[in-house]
Amino acid sequence: MALEKMSGSSSNGVAFLVSAGIVYEIIAAACSSPQTTEINASSRADTLMKWVYLGLIQAALFVAAAAWFDEQHRTAILTGGVMAGFLMFIQYHHAKEAGLSSDKPGTESYS
């Protein structure tokens, strides 16, 4: 029964979630959270965003590889990956802009 549910289009949801999940996992592994980006944007915005971009590049490579390997679920894999990458980029971009426009102090101090 479970194998029957995994055949055909019903497994597109799983492929979509796996693709979206890998984007989030790779970006999380490469950098801090959007909250940390916002809090410390005044001192580390450029560095934090560099790691967001590197994470997006890594994620794109993994999503493209998954889409290449799994032709049957290619659309779901690419849709999940692109959607997650876009949403994560928007969150980090917003966090950077909000942090740079804030007059509140960050959580880091340098001596």
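Nothing in this text is a laboratory measurement; each read-out follows from the coordinates by a stated rule. Here the structure is a predicted model, which is why all the values come from computation and not from measurement. All Cβ positions, glycine included, derive from the backbone under ideal geometry; neighbour counts span all protein chains shown.
Can you check what the net charge comes to around C31, using other residues whose Cβ is under 14 Å from the Cβ of C31 (Lys, Arg +1; Asp, Glu -1)?
Spelling it out: positives minus negatives among the neighbours equals 0.
Once the other residues with Cβ under 13 Å from the Cβ of L100 are scored (Lys, Arg +1; Asp, Glu -1), what is the net sum?
Details: positive: R44, K96, K104; negative: E38, D46, E97, D103.
Result for the neighbourhood of L100: -1.
Report, to the nearest 10°, how far helix 41-69 tilts away from the longest principal axis of the Cα atoms in the chain, using its own Cα long axis and a range of 0 to 90°.
10 degrees
Compute, for the stretch 14-101, the length of the dipole vector about the Cα centre, with Cβ point charges of +1 (Lys, Arg) and -1 (Asp, Glu) only. Units Debye, rounded to 20.
Value, rounded to 20: 120 debye.
Could you work out the local net charge near Y53, counting Lys and Arg as +1, Asp and Glu as -1, over the other residues with Cβ closer than 13 Å to its Cβ?
+1
Specify which labelled value, from (1) 101; (2) 144; (3) 297, agrees with volume of the Cα convex hull per residue in Å³ derived from the coordinates of the model shown.
Computed from these coordinates, volume of the Cα convex hull per residue in Å³ corresponds to label (1).
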